[in-house]
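Engineer: For reference, the structure I am asking about is given below.
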Amino acid sequence: MTGGDETPAGADADTGKDTSVGGDVGGGAGASVAPLLRRWRELAENNVLLDGFHALKHALRFGAHVPVALSEDPAAVLGLASALAPDLTETLGGLLREVPRGTLHGLVPRPHPTGVAALAVRGTGRVADDRTAPVVVLDEPRHLGNVGAVIRVAAGAGAAGVLTTGTVDPWHPSVVRASAGLHFATAVRRCEPPALPPGPLYALDPDGRDIRGLALPDDALVAFGSERHGLSDGLRERADHLVALPMRPQVSSYNLATSVAMTLYHWMAGRPPEPGATR
């Protein structure tokens with residue numbers, strides 16, 4: 001996934017007539033398709049596209065409100081849930097609504113191979129001042145897939161949030177797809193430097209101190225620049241500490257998500273394991 005030029009969620013589509021669809025899961029036999037599509041169009045502009053089974057799975061697990069979920073083969077989706085997310089089988093059985101084959105192509109830019117799409121209410125992105133885990137700050141990121149990968153890493157590591165500066169919407173459908181819906185497992189929002197939450201700001205910079213020689217505090221803000229341009233002058237000047245990841249000479253940089261993963265792992269390695277964490 002590259003760039004921000006994909007068709008936005010909720011592109012207008014009317015797959016036609018008010019006909020019945022047999023075997024509708026959760027909606028009762030004979031449920032009409034047209035009201036479902038009308039409801040989707042009404043909600044699409046102001047809600048988050050969950051494109052695929054895994055995005056929907058994670059959103060539900062982390063408390064997202066999902067007003068509509070559509071599938072062209074609900075039985076297959078429930079079979080997938082039975083194998084990969086049995087905790088959600090009953091919830092999905094009551095949520096999924098069946099639509100005719102080909103319908104999703106008119107509703108989303110690129111239907112996921114798992115054949116399910118849903119809409120969810122966007123999270124607030126609030127980061128607690130008394131947090132016990134770092135916040136990742138992405139300074140003017142450009143690549144939507146990278147932003148999504150960072151959110152996925154941050155959620156897995158238990159970071160308190162991912163904040164982005166610049167023009168990219170961190171809730172863009174391509175970002176949510178790349179994060180596998182894990183936006184709902186952490187705080188995600190756009191936030192310019194003057195409005196960052198409190199906490200010491202550690203900025204990743206090639207001229208910084210080797211990160212292996214220091215401990216990241218739990219309330220740290222950890223800032224990463226773009227792979228091409230690095231940190232903006234404003235955020236670099238605001239930093240309390242400049243730190244660097246170890247890297248072999250003559251190698252230009254790590255991928256953004258790799259840099260975030262290495263930094264958060266360094267933080268995690270200095271803390272006792274969380275109860276129930278995978279070892």
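Engineer: I'd like the full set of residues that are farther than 19 Å from Gly199 by Cα, touching a Lys or Arg at 6+ places or on another chain (Cβ under 7 Å) and open to solvent by 30 Å² or more (accessible area, probe 1.4 Å), limited to the range 214-257.
Structural biologist: Pro246
Engineer: Of the residues that make up the range 168-184, is at least one surrounded by fewer than 17 Cβ atoms within 10 Å (Cβ to Cβ), touching a residue at least 24 places away in the same chain (Cβ under 8 Å), among the hydroxyl-bearing types (Ser, Thr, Tyr) and over 28 Å from Pro246 (Cα atoms)?
Structural biologist: no
Engineer: Within 20 Å of Thr165 (Cβ to Cβ) and in contact with a helix residue (DSSP H, G or I) (Cβ under 7 Å, 6 or more places away or on another chain): which single residue out of Leu231, Leu242, Leu221, Leu235 fits that description?
Structural biologist: Matching residue, one of Leu231, Leu242, Leu221, Leu235: Leu235.
Engineer: If we keep just the residues of the range 47-99 that are of a type in the set (S, T, N, Q) and free of Cβ contacts under 8 Å to residues at least 24 places away in the same chain, which is least open to solvent (accessible area, probe 1.4 Å)?
Structural biologist: Taking the candidates together, the pick is Thr89.
Engineer: With Ala154, Ala178 as the choices, which residue is assigned to a helix (DSSP H, G or I), over 23 Å from Leu235 (Cβ atoms) and in contact with a helix residue (DSSP H, G or I) (Cβ under 9 Å, 6 or more places away or on another chain)?
Structural biologist: Of Ala154, Ala178, the one residue that is assigned to a helix (DSSP H, G or I), over 23 Å from Leu235 (Cβ atoms) and in contact with a helix residue (DSSP H, G or I) (Cβ under 9 Å, 6 or more places away or on another chain) is Ala178.
Engineer: Can I ask one more? Considering the range 233-255 alone, what residues qualify as being in contact with a strand residue (DSSP E or B) (Cβ under 9 Å, 6 or more places away or on another chain), part of a loop (DSSP other than H, G, I, E, B) and modelled with pLDDT of 90 or more?
Structural biologist: Scanning the range 233-255 gives Ala239, Asp240, Leu245, Pro246, Met247.
Engineer: A further question on this structure: Which ones in the range 192-231 are assigned to a loop (DSSP other than H, G, I, E, B), more than 24 Å from the chain's Cα centre (by Cα) and farther than 19 Å from Arg131 by Cβ?
Structural biologist: Leu214
Engineer: For residues in the range 131-151 being over 13 Å from the mean Cα position of the chain (by Cα) and not in a loop (DSSP other than H, G, I, E, B), which is nearest to Thr263 (Cα to Cα)?
Structural biologist: Val136
Engineer: Please report, ordered by residue number, the helices (runs of 4 or more DSSP H) entirely within the range 17-129 with at least 2 residues that are modelled with pLDDT of 90 or more and more than 26 Å from Arg189 (Cα to Cα).
Structural biologist: 33-44, 74-84, 89-95
Engineer: Go through the range 257-279 residue by residue and tally those that are at pLDDT 70 or above and more than 16 Å from Pro134 (Cβ to Cβ).
Structural biologist: 1
The values are calculated or read from the model by the stated rules, or taken from the named source; none is laboratory data. Please read these numbers as outputs of a predicted model, since none were measured by experiment. Cβ coordinates were reconstructed from backbone atoms using ideal geometry, including for glycine residues, and neighbour counts include every protein chain displayed. SASA here: full protein model, heavy atoms, side chains in, ligands and nucleic acids out. Shrake-Rupley method; radii C 1.70, N 1.55, O 1.52, S 1.80 Å.
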